[in-house]
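Worksheet: the structure to be examined is printed underneath.
Read the figures in this text as sums done on the coordinates, not as results from a lab. Computed from a prediction, not measured in an experiment: that's the story for all the values here. All Cβ positions, even for glycine, are placed from backbone atoms using ideal geometry, and neighbour counts span all protein chains on display.
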Amino acid sequence: MIPAELAAWLAASLVVVTIAFGIYFALYQLLYVTIVIRAIGAIADERRWASDELLSGTFASPLTPGVSVLVPAHNESAGSVACVESLLRLQYPQVQIIVVDDGSTDGTSEVLRAAFPMTPTDEEPISPVPVGGVIESIHRFDHHDALLIRKSSVGRRADAVNAALQFARHELVCMIDGDSILSPTALLRVVQPFIDDPTVVASGGIVRPANGAVLIEAEVDRVEVPSRLIERIQVLEYLRAFLVGRAGWSAIKGLLIISGAFGVFRRDTLVQLGGLDAESLAEDAELVVAAHRHHRTEREPYRIVFVADPVCWTEVPATWSAVSRQRKRWSQGLGELLRGARDMMLRPRYGALGMVTLPYFWLFEQWGAPLVIVAMVLAALSGALGLIPWIAIGLALVVSYFVAVATSLLAIAIELGATPDYRTGRSMRRLILTAFLEPILFYLPHALWRMIGLIRAIRSTPSEWGVQQRSGFVQRATTGQAA
């Protein structure tokens, strides 16, 4: 037994802490429900005006802006050919492709040169964007408007993107990863907001895990939810992040992130901002924040939007250790981003981004992981000391569990109504089962990884992009036989 006075003090303190945590989680749920409602409305509106006739008109119009597609690739020999082939098959009138081999050691350049006839060239940069690595060679594709640039690596994806940006000549710039596959109409759909509204400066589309996808002639033919649990969990995460998160934030004009795996920007905006920040681990979000800051400071009308229809398929980590490294890096990048944007928080001049989005990410995304761990430790301590009944702790855990499950099930339901890629019964069963398993098996290790990343951000620990083992895409010939 502990002394009565100490027990009373602990009990009172825990009551205060419990109330504080209750308010914290209630506020989180309220804000999240608001974002979900706005996301559903935005997706429904988009589905009403999107049509094949509109896309056909965009494709045929001489006023449709050209797009330069920038593809940074580091050790992407397994998937780079399929990526480029998908870009060559895009239904878009004017496309320039620029692939940058960022110091690959797996023969990425050699694989591409073997797959596509090309000739050395001495192209000169068009835009003055700072690049850290040295450009070693440039090859022009013989039969396509495409370049392959080989450069030394400085360990940052952003530097490879900036190297490609130097040679981009079209009005719009699309950034994708070297392991990604765009659906044939993806570029038409993600560019449509620029045509509809000249104040749009950036547009992002949906990114989906390609693990479990089968390709025919560089186009995704069939998608199945993967069998590995860690891959299925990421499918759910991507559904929540894009169909719910990005669509909702875009609807309130507070979009913080356009994924570096699939985003379109005005080239003059990128050049004006000096390209991507090569020192940031979250260079895609850093770029969006810089665009918000610039246009708000200059009092220029602008929009940064998310389009829920166009799809980019990308390979996600297939092992727990790879996901662990990725999430630590993401968390560190978020911490660095929010530290750099702290002067924008709670400032009305920065609109919804400053008043809602940045505080939300600071309070719930950055500090959510350590607060969850602290709450669990305090709950266990309170139960052990007899200050809070175990049944009350268990009830709180059960409620939290089913709220998490309901969130995932809602994302699955939105997927079915919006872009039903996972349409088979087996895929649905796997997703629903994963929704029930994820809170039990993934939430705690994920919180620990995020906390480690936050600590690294606080300590300003040097870090760089890690190496992900690629397995490439499953491709089949048109006859259905493995290619």
Self-check item: Charge dipole of region 81-125 about the Cα centre (unit charges at C-beta), most positive-ward option of 90, 120, 107
Solution: 90
Self-check item: Kyte-Doolittle mean at least 1.6, axial Cα span of 15 Å or more - DSSP H helices of the chain
Solution: 368-385, 390-418
Self-check item: Value of [θ]222 nm, deg cm²/dmol, for the chain, DSSP H segments ≥ 4, -39500 (n - 2.57) each, nearest 500
Solution: -15500 deg cm²/dmol
Quiz item: Going highest first, how would you order 384-391, 362-369, 235-242, 172-179 by mean Cβ packing within 10 Å?
Solution: 172-179, 235-242, 362-369, 384-391
Exercise. Among 130, 281, 357, pick out the residue whose Cα is farthest towards the positive end of the charge dipole of the chain, where Lys and Arg carry +1 and Asp and Glu carry -1 on C-beta, about the Cα centre.
Key: 357
Quiz prompt | Dipole magnitude of region 269-416, debye to nearest 20 (Cβ charges: Lys/Arg +1, Asp/Glu -1, about Cα centre) | solution = 420 debye
Quiz prompt | Charge dipole (debye, nearest 20) of the chain; +1 at Cβ of Lys and Arg, -1 at Cβ of Asp and Glu | solution = 1380 debye
Quiz item: Please identify the trypsin sites (Lys or Arg not before Pro) of region 276-316 that satisfy two criteria: DSSP loop assignment and at most 10 other Cβ atoms within 10 Å. Which are they?
Solution: 299
Quiz item: Which of the GluC sites (Glu not before Pro) across region 84-185 are loop residues per DSSP, with 16 or fewer other Cβ within 10 Å?
Solution: 123, 171
